[in-house]
Amino acid sequence: MSAGTAGFLAAGGLGAFVLPGCETVPPPGATNPARNPLFLPPTMAPVGAALEARSSTIDFGSGTGLAHAYNGTVPGPTLVANRGDVVSVPFTNSLTAPSSVHWHGLVVPTAADGQPHEAVAAGGTYTYDFTLAQRASLNFYHPHPHLMTAEQVNLGLAGGILVRDAEEAALGLPDRWREVPLVIRDALFDGAGNLTYKPKSSGFVGTEALVNGTRAAKHGVDNALYRFRVVQGSNARVFRLALGDGAPFTVIGNDGGLLPTPVQVSQIDLGPGERLDLLLDLRGFLLGDRVMLRCVDAGWDVLELEVTRQVTDSASPPQGPLSTVEALGNPVRTRTFSFDGMGRINGQEFSMDRIDFQVPFGEIERWRFTTGGNAPHPVHTHGASFQVEARTGGRAAVMPWEAGWKDTVLLQDGETVDVLIRFDGHRGRYLIHCHQLEHEDRGMMQAFEVV
Ligand code: C2O
Ligand code: CU
Ligand code: CU
């Protein structure tokens, strides 16, 4: 039995019937009639799984409409894998345009990285083969075709990938229905209730929050310790996440897995492509209590949690070290990347026919990200994670949730961000780009070769 269910007892008439020591069913839904039950994507082991991208009719909670979907759901199935798994995922592109599956955050060979160069033609198929060699973390799969990433992601193609390992398992963190995947983004719907992509020149701006494809989402919970696995799946919007009552979150992980130690914060800026592993301690809550996850920047109510079952939960947030993270240091060289305008790096637009630079395998480098404006630029690397070393200008600090391993870091106007990076997974072609997806499609991307 996991720590999350030790001493688990049902109380009150609202709860599901629970026998101590037995598998229990998730709590009933939340009750607020003005909001819609949070969709939980089906989970799928990537070994033996298959993905298909296709235009589908989706239930967004308040009605159905068209979207692009993996396997008929928005988000697509949550892939749940173990470190060491040998993965082979056949992909069928049933869209009318080229597409691909990029495994954002996974270090995989070039042939399996879903880059624009390896896009799959409309009606085509391709099998992604790789070994999951990395530590426990939450990753993000999405299309990456040349010039069309922004539109396809915006229309619904995205999903989570959970990687498990022994180090994480030993922590006894909340699991099963108390570990909730949340793909958070903004969205725009047309009059018929279809997801619609209408970018402005500065990028896509949605008019509402969409959590796991649900508009105005609510979710029923136990008064217990919860773990939320957050993917920021917007094209361009930065979410400033906070709880309605101002209570802090305990952040235990980010893009590349567990942080060295937990940190408490009450507001988190999360850019497109970034992930968070959050603990929320609801043990002091009573039946019927509600708490709102908000974006205080947009002034949006993102997800309402309501305690619909009273339990006794003996789990508590871990206090001590979570994970041993090797600190990178002594870079052998520094490379500078200037994110210019709305579609250039170091003055150049991306070209499918150009390799912009080469990186020696296994060497630690400092990569310096600067910008002349038009932020946010959430800078993302394929092929390796990095450690954020310093931020000068703007917010002028490394944020508490930027410890450990990252693959996407938020660069705001006036900021310079230094990261330390080492490519020691595979040799081959990889990408660095802005994950503001309209910037990416316009050319704020470079291809490089690990040699
Ligand atoms: Cu999530 Cu190259 O992207
Ligand atoms: Cu990526
Ligand atoms: Cu950008």
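The values are calculated or read from the model by the stated rules, or taken from the named source; none is laboratory data. All values reported here derive from a predicted model rather than from experimental measurement. Reconstructed Cβ throughout: ideal geometry from the backbone, glycine too, with neighbour counts over all protein chains shown. Only protein heavy atoms, including side chains, enter the accessible area calculation; ligands, DNA and RNA are left aside. Shrake-Rupley method; radii C 1.70, N 1.55, O 1.52, S 1.80 Å.
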Using DSSP, restrict attention to beta bridges with both residues in the stretch 36-167 and report what percent are antiparallel, rounded to the nearest 5.
70
Nitroxide proxy distance, nm - points 7 Å out along Cα→Cβ at Gln267 and Glu326:
3.8
As a test of the formula, what do you get for the chain when each DSSP H run with n ≥ 4 contributes -39,500 (n - 2.57) and the sum is divided by the residue count, at 222 nm and rounded to the nearest 500 deg cm²/dmol?
-500 deg cm²/dmol
Over the Cα atoms of the stretch 174-227, what Rg and Dmax result, in angstrom?
15.0, 45
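When the expected Rg is taken as 2.2 N^0.38 Å, what fraction or multiple of it is the alpha-carbon Rg of the stretch 189-286?
Its radius of gyration relative to the 2.2 N^0.38 Å reference: 1.24.
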Which whole-number percent gives the relative contact order of the stretch 36-167, counting Cα pairs below 8 Å spaced six or more residues apart?
28
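Accessible area per residue of the stretch 184-321 at 1.4 Å probe, in Å²?
On a per-residue basis, 31 Å².
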Report, in whole Å, the centroid distance computed from the Cα atoms of the stretch 116-163 and the stretch 54-84.
13
As a test, work out the antiparallel percent of DSSP beta bridges whose residues both lie in the chain, rounded to the nearest 5.
70
Expressed in nanometres to one decimal, the distance between label points 7 Å along Cα→Cβ at Arg427 and Ser55 is 4.5
For the stretch 102-110, in residue order, the Karplus 3J(HN,Hα) values (coefficients 6.51, -1.76, 1.60; θ = phi - 60°; whole Hz; Gly and Pro = x) are 9, 9, 4, x, 8, 9, 10, x, 3
Please compute the length gained on full extension between Ala396 and Val47, using 0.36 nm multiplied by the number of residues separating them and subtracting their Cα-Cα distance.
121.3 nm
Taking square-rooted eigenvalues a ≥ b ≥ c of the alpha carbon gyration tensor, is the stretch 334-450 rounded, prolate or oblate, where a/c under 1.5 means rounded and, failing that, a/b exceeding b/c means prolate?
oblate
With r defined as the distance between the Cβ atoms of Ser316 and Glu363 and R0 fixed at 25 Å, what FRET efficiency is calculated, to the nearest 0.05?
0.05
Quick note, the stretch 214-259: a/c under 1.5 would make it rounded; otherwise a/b > b/c is prolate and the rest oblate (a ≥ b ≥ c, C-alpha gyration tensor); here it is oblate
Of the accessible area of the chain, computed with a 1.4 Å probe and all protein chains kept, carbon and sulfur make up a percent value of 53
Accessible area of Leu40 in the full protein assembly, 1.4 Å probe (Å², nearest 10):
80
Two-site label geometry, Asn32 and Asp245: point separation in nm, points 7 Å out along Cα→Cβ
1.4
I need the P(r) histogram for the chain: all alpha carbon pairs, bin width 20 Å from 0 out to the longest distance, whole percents.
26, 60, 14, 0
Need one number: % antiparallel among DSSP beta bridges in the stretch 334-450, to the nearest 5.
75
Averaged over all directions, how much area does the convex hull of the C-alpha atoms of the stretch 36-167 cover when projected, in nm²?
7.8
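Which sequence of Thr214, Thr371, Thr57 reflects their accessible areas, 1.4 Å probe, from the largest down?
If we order Thr214, Thr371, Thr57 from most to least accessible, we get Thr57, Thr371, Thr214.
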